[in-house]
Amino acid sequence: MDSKFTIEVNHTGSFVPKPIVYFNPVKMVVSNVDFRSMSFVEFISYVKNLVKDGTINVYYCLPQRSLRDGLRVLEDENDYVRFLDVGYENGGMINLYIDHSQYPVMEWIEEEIAEDGSVDGNTDDDDDVDSEISDDEFVEHDPDDEVIQLQPSDDPFIRRKLFKPPRIVDGEKDDKKDAKKNLHKYPVHDPNQKWDTMSPILGMKFCDRYELKHLLSNYVVANGYKLWALNLGSMVTYSWIGKQLIETIIDNPRISYRKMAAIVLRDFNLKVSFGRCRNAKKFAMDEIEGSLVAHYEKLRSYGLELLRTNPGSTVKLDVDIMPDSTIHFSKMYICLKVVKDGWIEGCRRVIGVDGCFLKGLCRGEVVSAVGRDANNQMYPLAWAVVPVENKANWKWFLDLLLEDIDMGQGRGLTIISDQHKGLIEAVKERVPECEHRQCVRHVYANFKKNSQELNTGNFSGLLPRPQQPQNLKTS
């Protein structure tokens, strides 16, 4: 028996109860895959990669059965074994259904079966006369006028009941085909597309009213319309402007309201007031700071990942605990294992240390240590982020650095730096046996600042003068 078979994956749609149907699916056929070689966990991971969704419930349907009677859930290894057996018994074909919304699908099916079972039980207990009366009543009512009410759902689109699912009777395949034909296909809005390509389509599905308003705002601005939507208010709000200018504000947090208004006029042909620009900037700053907080929360995970992928590396993360018990980032040091081994084995014992300012919303300084390799090229050795460049932070950095490169008190090591007082004092205390020299560029900059000769372009005063030969008197 061939170990490979084909599955039809129905995804992106939603389960709808009474009768249970899978609404608006996107079908994907996967063939010639050996699923017996996969475990249950590997199979679920494989399906998640197919549908690009990490939080799903996976169901399959027994062949020649309706969803109500044949739908089964895949929850463990035993379910997976039964799934494979059903697929091979059906000639290597089976259908999968993906639930992206975590609906209680199996509970819906149980309720539907229980309701149908109670009706059937009452019919069986009745005598022939009651049966005849029941048949007469069924004939007198036109089934086309019957309205099937949907149960309340968490999906706002389904709550609005944009479609009326036809009544499906077991055993009537033609009715099932008609039911599928009668289900409308509504597009789903993609919020990640480019703003000036967004266009509303009748029946389009949105997550919430704010997503709808965002699309309409982009649409009216891109096409030059003036629109005031009922229950939505003005289309161009300060939040819309803030979202459009968020990258500009990240690059220049001190941007003026006048410049913001000019950018909006240039890019979107809209005239906005300074007050609206002020609110837009505040909205954008709140969005940026919220994302930055989330990023800083991942620093510990980032450090652990560095240690996992680079065993033997040094990652030091320091935090400050505030009076209200909140934890704030203080400083972080990183030196990778392969980098420090390369410096120890093949680089000159010369290290340059310096710091530079971090500009933007995240203030602080990056301090680094750079060596020279055998080809006289720069060799980044270690780096750290500190709040300020002072003696305590330089000493903290040098302690970690010298421990990584195993230089002890610095015998045989040369350190080159600028003339920062905190760094000079830290080197004296921590590396007393090293040769500490100042960078020529910084020396020249200090001379130029204090020397009138350099300001006038006269460098002769800085150069050593050759000695004049002395006339020796002969006796």
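Counting the residues of region 294-333 that are of a type in the set (Ser, Thr, Tyr) and under 22 Å from the mean Cα position of the chain (by Cα) gives 4. Here is a check on your reading of the model: is Ala369 over 29 Å from the mean Cα position of the chain (by Cα), over 28 Å from Pro253 (Cβ atoms) and surrounded by fewer than 16 Cβ atoms within 10 Å (Cβ to Cβ)? Spelling it out, it is not the case that Ala369 is over 29 Å from the mean Cα position of the chain (by Cα), over 28 Å from Pro253 (Cβ atoms) and surrounded by fewer than 16 Cβ atoms within 10 Å (Cβ to Cβ). Is it the case that some residue within region 312-324 is in a strand (DSSP E or B), touching a Pro at 6+ places or on another chain (Cβ under 8 Å) and open to solvent by less than 80 Å² (accessible area, probe 1.4 Å)? No, the conditions are met nowhere in region 312-324.
Listed here are the helices (runs of 4 or more DSSP H) enclosed by region 1-110 that have at least 3 residues being over 30 Å from Pro187 (Cα atoms) and over 33 Å from the mean Cα position of the chain (by Cα): 77-89.
Any idea which residue in region 372-422 is surrounded by the most Cβ atoms within 10 Å (Cβ to Cβ), counting only those that are in contact with a Pro (Cβ under 8 Å, 6 or more places away or on another chain) and either without any contact (Cβ under 8 Å) to a residue 60 or more places away in the chain or not in a helix (DSSP H, G or I) (or both)?
Gly410
Listed here are the residues, each with its yes/no results for (1) surrounded by 15 or more Cβ atoms within 10 Å (Cβ to Cβ); (2) touching a Phe, Trp or Tyr at 6+ places or on another chain (Cβ under 8 Å); (3) modelled with pLDDT of 80 or more; (4) farther than 19 Å from Val81 by Cα.
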position	(1), (2), (3), (4)
Asp2	no, no, no, no
Asn10	yes, yes, yes, yes
Gly13	yes, yes, yes, yes
Ile20	yes, yes, yes, yes
Val26	no, no, yes, yes
Val29	no, no, yes, yes
Val33	yes, yes, no, no
Phe43	yes, yes, yes, no
Tyr46	no, no, yes, no
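Does at least one position in region 340-359 carry a residue that is touching a Pro at 6+ places or on another chain (Cβ under 8 Å) and open to solvent by less than 80 Å² (accessible area, probe 1.4 Å)? Scanning region 340-359 turns up no residue that is touching a Pro at 6+ places or on another chain (Cβ under 8 Å) and open to solvent by less than 80 Å² (accessible area, probe 1.4 Å). Sort out which residues of region 202-224 are out of contact with any Phe, Trp or Tyr (no Cβ under 6 Å at 6 or more places or on another chain), part of a helix (DSSP H, G or I) and more than 18 Å from Ser14 (Cβ to Cβ), and write them in order of number. Within region 202-224, Arg209, Tyr210, Lys213, His214, Leu215, Leu216, Tyr219, Val220, Ala222, Asn223 qualify. In region 309-324, the residues that are more than 23 Å from Asn393 (Cα to Cα) form Cβ pairs under 8 Å with partners that are open to solvent by 70 Å² or more (accessible area, probe 1.4 Å) and hydrophobic (A, V, I, L, M, F, W, C), at six or more places apart or across chains, as follows: Asn310/Val338.
The values are calculated or read from the model by the stated rules, or taken from the named source; none is laboratory data. Owing to the predicted nature of the structure, the values given are computational and were not obtained by experimental measurement. Cβ atoms come from the backbone with ideal geometry, glycine included; neighbour counts cover every protein chain shown. Surface accessibility is based on the protein's heavy atoms, side chains included, excluding ligands, DNA and RNA. Shrake-Rupley method; radii C 1.70, N 1.55, O 1.52, S 1.80 Å.
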